[in-house]
Amino acid sequence: MNKQASPIQILVVDDDPIAAETLSHALSQFGYSSTIALNGMDALQYVRSGKYRIVISDVEMPEMNGIDLCREIRRRGSCGYTYVILLTGRSDTASVVKGLDAGADDYIAKPFSPSEMQMRIRAGERILMLESRDLMIFALAKLADSRDHDTGSHLDRIREYCRLLSLELATWPEYQNKIDGIYIQSIYETSPLHDIGKVGIPDRILLKPGRLTEAEFSIMTQHAKIGGDTLQAVAEAHPEAVFLQMAYEIAMTHHERWDGAGYPNGLAGEDIPLCGRIVAIADVYDALTSHRVYKPAYNHQKAVDIISEGSGTHFDPNLVRAFLKLESDFKEIKKSMNDTPEKEDSEFMPMFRCKDVPAATAQTPQSV
Amino acid sequence: MNSSTERSAPVVNRDELIDRMMGSIPMAERMLKRFVDTANADFDLMESTVRLGDKPAIASLAHRHKGTAQTMAIPRVAQCAAELEQRAHTDPTSKLLAILGEMRMLHDEVRQVQQLGLANLI
């Protein structure tokens, strides 16, 4: 028995007080604190408080049954995912399907076995932990990004663009054994970390309103290596966390170019990990269509033209083809997730026809 | 309804009940007392709905009582309640009342167990 206190609060919903109290007692022995709701309407009020991450509900109840409660929880949504376990005497296939179709995550037959219940709850905790991981990654990325994008939805858009491109590529035969559901979820979660290395760039450079000198630009480009090295160290310490490997590859390679003229390692072609090539397009499109102190936000078509021109030099030609197929969806994401103009910064400008940077890196637009 | 083996088995499955109460005999006894204290009212309500012919209500009440009895490891009561739930829409009032009568008799046995105390039940 695990009596270590869990921070997760569980809501027990059952119109039978004896069953509810019995379950609540078992949960307390497993280290969970719980609250009892004797009907679905009361349960919904508790769920709205946002305090309960796991709900264990009976199905047959007056007023609002467990199926309807589950539908309401899913319909209303909340700030975090609510894991719902239905607990009922009806365990025939049709009832199970009905419950799962309503949005339940698990289904346990009454009377419950305490040990089985504990294992089911642990499974739920694992699901919730994955969500927490995603939120933590995004929060860290936001924190790093806030230094130079303090009002923007840059990261929200980047991961949407990445997911879009990955979903498209997953339908192409040559990518079907490279991109699966886990890959798509991983790139969605980790792409916001692409610029996390900017935490190591001095404010005087990162926040400089004007053009960067060559020396400053050189320091600025270090952010890819700083982020990559940091994430690589974490990935090596935690090899079981496969998503960290992707996070490392994205941070390290999203400024590499297809023709080998990028940084920090001058990788070319397919030596650049696919995730880095995907983020490169997403990042540049977002930089082009966003306001900067030295330029207005380019319109969508101009951004499309620039990326199209970069096929085979800056970008992977296949990815440009995928982008061109999806360009109206990119436009829609930018439109729906746009916000007030981002704070002035030096992103994108030094690589974009900036006179004082080396010609090899100044020929095509790129975010920094 | 029940086989002779089932009839000779203790009305309360002590081990199962204590296991469900996470090994706590005081908790098991407290919940068993609660069951005993509330069961008569449940039976009365079920009898009223049977006599009024409110079939959905009979099925619903029987279903709930089945769940409570299962939680309390009282399988014969749970079985009677399941039968009442199944037959609520098809059987005549007299048959349903007979099932209720059997449940009340079993309930008397449960009360004796509760009064005796689980610690004294082998």
For the Cα atoms of chain B, what angle does the longest principal axis make with the long axis of helix B:75-87, in degrees from 0 to 90, nearest 10?
10
In whole angstrom, note down how far apart the Cα centers of the stretch A:1-78 and the stretch A:275-313 are.
48
To the nearest 10 degrees, how steep is helix A:154-169 against the longest Cα principal axis of chain A, on a 0 to 90 scale?
90
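Are any of the pairs A:Lys178/A:Lys198; B:Lys55/B:Lys95; A:Lys302/A:Lys325 more than 19 Å apart by Cα-Cα distance, and if so, which?
Result: A:Lys178/A:Lys198 exceed 19 Å.
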Residue order, fewest to most beta carbons within 10 Å, for A:Asp145, B:Asp44:
B:Asp44, A:Asp145
Selected from A:Thr313, A:Thr35, A:Thr93 as most flexible by GNM, with chain A as the system and alpha-carbon contacts under 10 Å
A:Thr93
For a quick check: with amide H placed at 1.01 Å from N, whose amide H comes under 5 Å from A:Val84's, ignoring anything fewer than 5 positions away on the same chain?
A:Val55, A:Asp105, A:Asp106
Kindly write out, for the stretch A:98-105 in residue order, the coupling ³J(HN,Hα) from the Karplus curve 6.51 cos²θ - 1.76 cosθ + 1.60 (θ = phi - 60°), rounded to whole Hz, with x marking Gly and Pro.
4, x, 5, 5, 6, x, 5, 8
Can you pull the mean other chain C-beta count within 10 Å for peptide B:65-72?
6
In nm, the gap between the two label points placed 7 Å beyond Cα toward Cβ at A:Arg204 and A:Ala139 is 3.4
Computed over the stretch A:147-337, the Cα gyration tensor eigenvalues, each multiplied by 5 and square-rooted, give semi-axes in Å (largest first) of 24, 22, 16
Within chain A, the percent of DSSP beta bridges that are antiparallel, given to the nearest 5, stands at 5
The summed charge of the A:Gly40 Cβ neighbourhood (under 14 Å; Lys/Arg +1, Asp/Glu -1) stands at -4
Helix A:317-336 vs. chain A, principal-axis angle (Cα, 0 to 90°, nearest 10):
60
As a check on your grasp of the helix formula, calculate [θ] at 222 nm for chain B: sum -39500 (n - 2.57) over DSSP H runs of n ≥ 4, divide by the residue count, round to the nearest 500.
-25500 deg cm²/dmol
When the helix-only estimate is applied to chain A (DSSP H runs of n ≥ 4, each -39,500 (n - 2.57), divided by the residue count), what is the mean residue ellipticity at 222 nm, nearest 500 deg cm²/dmol?
-16000 deg cm²/dmol
Distance in nm between B:Leu52 and A:Ala170 label points, each 7 Å along Cα→Cβ, equals 5.4
Counting Lys +1, Arg +1, Asp -1, Glu -1, what net charge surrounds B:Arg87 among other residues with beta carbon under 12 Å of its beta carbon?
-1
Just want to confirm a number: the relative contact order over the stretch A:147-337, from Cα pairs under 8 angstrom separated by 6+ residues, in percent.
21
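So what is the relative contact order for chain A, in percent, with contacts set as C-alpha pairs under 8 Å and at least six apart?
About 12 percent, as a whole number.
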Can you give the FRET efficiency for A:Met337 and A:Arg126, using 1/(1 + (r/R0)^6), R0 = 51 Å, r = Cβ-Cβ distance, to the nearest 0.05?
0.95
When chain A is treated as a Gaussian network with springs between alpha carbons less than 10 Å apart, the largest mean-square fluctuation among A:Gly228, A:Gly80, A:Gly197 is found at A:Gly80
Under the Karplus relation with 6.51, -1.76 and 1.60 and θ = phi - 60°, whole-Hz ³J(HN,Hα) for the stretch A:191-205, x at Gly and Pro, equal 4, x, 7, 4, 9, 5, x, 5, 4, x, 9, x, 4, 4, 9
Residue mean of other protein chain beta carbons inside 10 Å, B:12-21:
2
With the contact rule set at Cα under 8 Å and sequence spacing of 6 or more, what percent relative contact order holds for chain B?
33
Just report the Cα centroid separation between the stretch B:44-83 and the stretch A:106-141, whole Å.
34
Give me the aspartates and glutamates in straight-line cross-link reach of B:Lys66: C-alpha distance below 15 Å, same-chain residues under 8 apart excluded.
A:Asp14, A:Asp15, A:Asp16, A:Asp58, A:Glu60, B:Asp42, B:Glu83, B:Glu85, B:Glu102
Taking amide hydrogens as modeled 1.01 Å from N in the peptide plane, which residues meet the under 5 Å criterion relative to A:Arg292, leaving out close sequence neighbours?
A:Ala297
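No value in this document is a laboratory result; all are computed from the given coordinates. Please read all numbers here as calculations on a predicted model, not as lab measurements. Here the Cβ is made from the backbone with ideal geometry for all residues, glycine too, and neighbour counts use every protein chain on show.
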